[in-house]
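Nothing in this text is a laboratory measurement; each read-out follows from the coordinates by a stated rule. On a predicted model such as this, the values are computed, not experimentally measured, just so you know. Positions of Cβ are backbone-derived with ideal geometry, glycine not excepted, and every protein chain shown enters the neighbour counts.
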Amino acid sequence: MKAFSKKVLRTMLLLCLVAAPLIFLAAEPPLAVYYQGRISGAALCGAAFLFLALCYAIYRWAKSRIAFSAACLVMYAFPAAVILITCFAPPGPNSVTDFWRFLVLFLWGAAAVSFYCGAGERLIWPGLFGLVLVLSSLYAVELALRAVPVDVFSKQILSVPSFADMTQLPPPRKEPVRAPGRICADSARTPVRILVVGGAASAGEPLLAPSLSYVFHLQRLLDERRPGECFEVLSAAVAGAGAVDVLHQMQQQPSPPADIVLVESGRENLEQRALNGSSAILSDREMHQRRMFFERLSRVPGYLTWRRTRSFAVLRYYLLALRDGIAKTISGPALKTKYRVSSADFGWALREAARYGARNDLRIVFVDVFSSGQPKGRSLARPDDHAAALVRAAKAYDIPLVSLETNSTPAQKREMFCGPHLLNAAGHRFLAQQLYDVFFAPQTASYWTALWQRKNIDPARKPLGKEIRLALGALDTAQSEIRIRATAPFLTVEKALLAARVDYGALHILGVIGKDEQVFTASREMLGVLRPIGEIGLRLERSASGGLKCVPVGTDGRCFPAHLHVISGGGTAGARVYAAVDGLRADPDASGYNVVVVEPRFGEVIASACFNPQNSEAVGQTLDAFLHELGRNAPAGQEPLIIVAVKSDGGQNVKRRELAEAFRYIGGTGTIPRPYESFVLLGFPGAAPGTALEKTGRELIDIQLGSPALRTAYLLYAERE
Amino acid sequence: MLVFRVAHRVLYLGLIIGVFWLSLAGQAAQAAGGNSCGVAPDTGKSALLPAKNLRLYNLKWAMLTEKQRVVVKNFGLMGLPLDPRIWGIRAEDEFSAAPLVWVRPFYLRVSESPGFQVEEASIEFGLPDDAQADAQPAVIDFLFGGAFVPAAGSGEPLVDSTYMLRIEAAVNAEVTFLFRSRSAVEELARLENIALQPARRYVLTVKFSPQEVTCFLDGVPLLGLRGAELNRGLTGLKGALRTAAVYDFKLRAQIGTLPQGVDGGVCVLGGLVALPEEHVLSE
């Protein structure tokens, strides 16, 4: 009898050894692994090990059949108990993670194997036969299931389960989007790639235009202030992503990989979404760990084959139904939604991000845009555990932290948020400025030294700009004059005039400026009425004696101070358009006549518009009115440069006489492109007909005016003395 | 004969429909706060976005669908819908998911007019019935003397500044004059510990002269500010994450010469959209 029991025991052991992992894998991932109580996973694991050791001891030395049967019972009941406890208990704060669950199963399996081998040295062949028998039985079941017509199975059974429950997946990671700007046109250096990972704030939600997001402002600041150096800001942020999702975004680096990663740590937890479905609830952190495990598992040969079997689908379906039934019985509808990731998980994700950065030689910057502004009914003294976790992680790994919470006053903060944790356009601009300062501030210089040296960037270089704005505080209103130190470093030969204006008022010339640093004085008369926080804007203007280089446009003697690049492709030449001033693209990129209006002294884009003949045959009249309006409003001698470039087609459905009139007004000959022809016209309102730069034809037209050096000619640096 | 009878009935039906729509339009004007001055015409150079969804404001509240009601409620401060014909927002304050947005400034369209001069504004506000001494104050900002010039592209605005009168309504209320230029904010004057009673309404009146602004609470002078051209420029309202309950707002101003050459005269502006009692958001 004992020998028979041993055979049965061994067969069942084999069955368990094979079936338990299959059951476990079939149950992934919606079988949640929570249990209620305060026992940690480690304690559960230790208890399990002791249990197994006891069972083994009883089995080896048991003399009575009752003791032997009890040992068998405990032995087989144990794995079922572990799975039941971990699968069907309602969610609680101390959940068993995948790690502990696997440790329990591993120990159980190891003990079972040693038990089998120790007890049956002389019965190996029957044991192996049992193993083959079990596998054959499983295969037979699979074949039988496949023989059943498909219609018999419900749709839920036949659907191939995903690796993770869709309701608990993070938002899909998108390909990093490049902020529009200068594409390193004036630099031969390797770009410094800045990857932004984060949630709604980084993705620009809920702003209507993504160009108002801090990601784009940061690119603009780097382009404007660091000419000759190349920075590329990429955004992989997805609205709704929390701190744990950010890890996932980081781990999928673009190619080539980033040098700097801005980690905008959202507090969201996707756990709330799971409540809408029937799945059990997992926190983001557990979901992340589970996802990583199954991603590795999916690469194991044979696993995907097993997932595709019908027995897997059936087993999984009924296990899920059983789980849901029990979960509802136990917990009912009283599950509480957790909209925020726990501060412990939040801190863990940040530390993981920091470690990932250290392993991959990435410079990490933590960005916190969460406002402590209190929504309705909240007490004033609500501790922000997440912010504390963020500060701790930043300190532990010596990572710069840009936090609007600490970098702004309460009054400033009120102006930067449109919701409890949503930045408005002003907030995004402020954040971009803060990030720029972190890159080049002396306080954080040691963090960046190696990277800047590798990329040949001089962090101490003064920030340059086409217009420098200096804030005037309340004290300035009492002074009779304001002294300004300024230099135009790229004016090595030529000279220009330094012009100033207060609060975007009229321009006043302060003096002649060159590459040498000089001090200029703005008098009280020029400043006029100052508001509590005034602003003085400084920029360069061509001197009366010529000064800066100016590129002639057309034949009437007028010139333009910036680098221009215009491309027009009709339908016969690729249907494309490109109009860039100083490397910054300004065209609307629409079919028809793309018009860009550029201010003539500094080369700033004033407006851009598209006039598509396919929408209205009155395009000539509309364009004529538009150009005349520009001409009327401009001061004499300061008429804007008009760039007209056709994309796709500008020759059909037009009233040719009116359109020719419009073109003649800006110096064109009155030529209208034929259907699907390319066409470019650069002229000034009021110029004599035939004096503008004009090209038309069936080929692609590509015009460049001026040297790229003009891009830097008007840059200056200024500061209060 | 038959043709005549059909034509007669069609005409009769058309007359009934016409009268019905005219009555609705009349009711809509009433809902718009009884504005006696009309709205400044859009000259095409406005920094404020054109009015949208005007059709909804011509309909009775009961005729609106739930979605349309949300649209009406979302254009304004929390609990205080505003009429888009009188109030406008800047382009950078338009968001894709308006229900997520709690705070954004609303400006009187007519305040863009160069001849616009505020004379007096009054805000009727109140505390919730259960206001506690340690509760977070509910805030309402009255904006005046503002200037906003957007950049040609999506860059930083060329000018973005405003004066603000901030009421932090609580049992111990505060009134503060502030000036904001871009992200810099400077406090100009402040009065603290103004004792307010829960479940009572108060009227804060702001009187303007070109060089001075004075605010009064129920007729008692509170705080003053001296400056230059304080009564000109963009004028508006802004809430906060916790916005004070505003029951009424009136502003008297000289409109000056309108773009078509007509003198706008002195106007009383309101522009609050009256909601049925059960739809008013309370604190």
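Quick notes on this structure:
- Residue pairs, from the table A:LYS655/A:LYS695; B:LYS73/B:LYS238; A:LYS466/A:LYS495; B:LYS52/B:LYS73; B:LYS60/B:LYS238; A:LYS413/B:LYS67, whose Cα atoms sit over 23 Å apart: B:LYS60/B:LYS238; A:LYS413/B:LYS67
- Subset of A:LYS395/A:LYS462; A:LYS462/A:LYS515; B:LYS207/B:LYS250 violating a 21 Å alpha-carbon distance limit: A:LYS395/A:LYS462
- Residue-wise HN-Hα couplings along segment B:178-184, as the Karplus relation 6.51 cos²θ - 1.76 cosθ + 1.60 with θ = phi - 60° gives them from phi, are 10, 10, 10, 10, 6, 9, 8 Hz; Gly and Pro carry x.
- Counting only other chain Cβ atoms within 10 Å of each residue's Cβ, the peptide A:595-607 averages 1.
- Segment B:32-275 - Rg and Dmax from Cα coordinates, angstrom: 17.6, 54
- Other-chain or far-sequence residues with amide H under 5 Å of B:ASP248's (modelled H): B:GLU124
- Taking amide H as placed 1.01 Å from N in the peptide plane, the amide H of A:ALA441 sits under 5 Å from none that are at least 5 places away or on another chain.
- Karplus-derived 3J(HN,Hα), 6.51/-1.76/1.60, for each residue of segment A:492-503, Hz, glycine and proline x: 6, 10, 6, 10, 9, 9, 8, 10, 10, 8, 9, 6
- Extended-chain gain in nm, criterion 0.36 nm per residue less alpha-carbon gap, A:GLN638 and A:ARG308: 111.6 nm
- Amide H to amide H, with H built 1.01 Å from N, B:ARG104 comes under 5 Å of B:GLY239, counting only residues 5 or more places away or on other chains.
- Peptide B:99-106 has a mean of 5 when you count, residue by residue, the C-beta atoms of other protein chains within 10 Å of its C-beta.
- What the phi angles of segment B:55-68 give under the Karplus curve with 6.51, -1.76 and 1.60, with θ = phi - 60°, is a coupling list of 4, 5, 7, 8, 10, 5, 4, 5, 7, 7, 6, 4, 5, 5 Hz, glycine and proline written as x.
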